[in-house]
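This report refers to the structure that appears directly beneath it.
The values are calculated or read from the model by the stated rules, or taken from the named source; none is laboratory data. Note that the structure is a prediction, hence the values are computed from the model and not measured. For neighbour counting, all protein chains shown are included, and Cβ atoms are generated from backbone atoms with ideal geometry for every residue, glycine included. These accessible areas exclude ligands, DNA and RNA; they are computed on the full protein's heavy atoms, side chains included. Shrake-Rupley method; radii C 1.70, N 1.55, O 1.52, S 1.80 Å.
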Amino acid sequence: MSYTIALNFEDGVTRFIGCKEGETVLDAAYRQKVNLPMDCSDGVCGTCKGYCEQGQFDMGDEYLEEALSDEEVAEGQVLTCQMVPSSDCVIQVPVASTLCKTQVGSVEGTVAAVESLSEDSIELVVDLDNADGLTFLPGQYIHIDVPGTEVHRSYSFSSLPGDKRATFLIRNIPNGVMSSYLTERAKVGDRLKLTGPLGSFYLREVTRPVLMLAGGTGLAPFLSMLAQLVQKECDAPIHMVYGVNKDDHLVKTDALDAFKEALANFSYSTVVVDDASEHPRKGYVTHHMDAGVLHDGDIDVYLCGPPPMVDAVLNHFDTEGITPQSFHYEKFTPNQVGERA
């Protein structure tokens, strides 16, 4: 027996796949070369989350509540890696169809530069062998194999899609696998393998004011987004609040200044946590989101940072009674803090 599954993507494209009895939607999609978002395929990460509009299915109980809460289950949300249909179904997939390639691509490249921007941040520049073979949506990330090891780490692009030279803003973590490579062994000419792109955190069409909230190296995907908005000559109001722990952790402000010149309605403010700082704005990003940048909730919010920052922003919106028109965020998992973005 086989069931027909309609996959409705965020960009309006619908794809139909056949799902065998006892088969998960994710497995059925991959079998038919529809590459639904996933990281773990074990019901742990929540990357494959979607919404079942109609149909019967079994979700089992082998997934973590952190990936799908009871409240989300009650709302009809599903993990496609665990969902086994028992009838025809219609599923809303919260990503664009362009993300769902036949397979996750890979490309090789050469280290062009490794620059220490601060004690906290490193910029990695990679010349790609085949830039045309690597497309992504601004905000997405990619796996980079760490030379000399059997592991990879994931980083958001800070460069534009299609550029032959890809750039990444990487947090320098003492004894971190990638950090140790970059600070101790990396040299120009090293070969790297990159796999992706991945992730559902990406820039949507801008139709209203945008608020960007960046924490530390979470600035990276916003640099890519802003570069694309320059290409599109976007004139919508865009404001960024960029927060770091210490003064010298503020990096790439020259790039942000250039975006101010290139985008008519782009502005940004920086915030430093350190009490000893003489920075004019101290504290957290939630302390510096005034009514003027919130537009009474008529905004699209993009947030990239560690879990405490994401939770603080969510709580702030709840406390203030603010419901943005859309809210997209990249939340580092505990074992990836500083290694993502």
Nearest-5 percent of antiparallel DSSP beta bridges in segment 1-117? 75 percent
Could you give the semi-axes, largest first, of the ellipsoid that matches segment 1-146, computed as the square roots of 5 times the alpha carbon gyration tensor eigenvalues and rounded to whole Å? 34, 18, 13
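When the Kirkwood radius is taken over all Cα pairs of segment 124-180, what Stokes-Einstein diffusion coefficient follows at 25 °C and 0.890 mPa s, in µm²/s?
202 µm²/s
Over the chain, what percent of the accessible surface lies on carbon and sulfur atoms, probe 1.4 Å?
Of all accessible area on the chain, carbon and sulfur atoms account for 46 percent.
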Run the helix sum for the chain: -39,500 (n - 2.57) per DSSP H stretch of 4+ residues, divided by residue count, reported at 222 nm to the nearest 500 deg cm²/dmol. -4500 deg cm²/dmol
Taking placed amide H atoms and a strict 5 Å upper bound, the residues 5 or more places from K282 or on another chain that come that close are V272
Over the Cα atoms of the chain, each weighted equally, I'd like the Debye log10 I(q)/I(0) at q = 0.06, 0.13 Å⁻¹, rounded to two decimals. -0.22, -1.06
Along each principal axis, Cα extent of segment 205-341, largest first, Å: 37, 35, 31
If you place +1 on the Cβ of every Lys and Arg and -1 on the Cβ of every Asp and Glu, how big does the dipole about the Cα centre of the chain come out, in debye to the nearest 20? 1020 debye
In terms of the Cα gyration tensor, with a ≥ b ≥ c the square roots of its eigenvalues, is segment 36-87 rounded because a/c is under 1.5, prolate because a/b exceeds b/c, or oblate? prolate
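Restricting to the chain, compute how many DSSP beta bridges are antiparallel as a %, nearest 5.
60 percent
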Using a 1.4 Å probe and ignoring any ligands, DNA or RNA, find the accessible area of R171 and quote it in Å² to the nearest 10. 80 Å²
Percentage, to the nearest whole number, of Cα pairs in segment 237-313 over 20 Å apart: 35 percent
If you average the alpha carbon positions of segment 190-219 and of segment 60-75, how far apart do those two centres end up, in angstrom? 26 Å
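When ligands, DNA and RNA are left out and all protein chains stay put, how many square angstrom of accessible area per residue does the chain have with a 1.4 Å probe?
46 Å²
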Cα-based convex hull volume of segment 124-274 per residue, rounded to whole Å³: 120 Å³
How much of D275 can a 1.4 Å solvent probe reach, expressed as accessible area in Å² and rounded to 10? 140 Å²
Once the Cα gyration tensor of segment 180-267 is found, what semi-axes does its equivalent ellipsoid get, as square roots of 5 times the eigenvalues, in whole Å, sorted largest first? 27, 18, 13
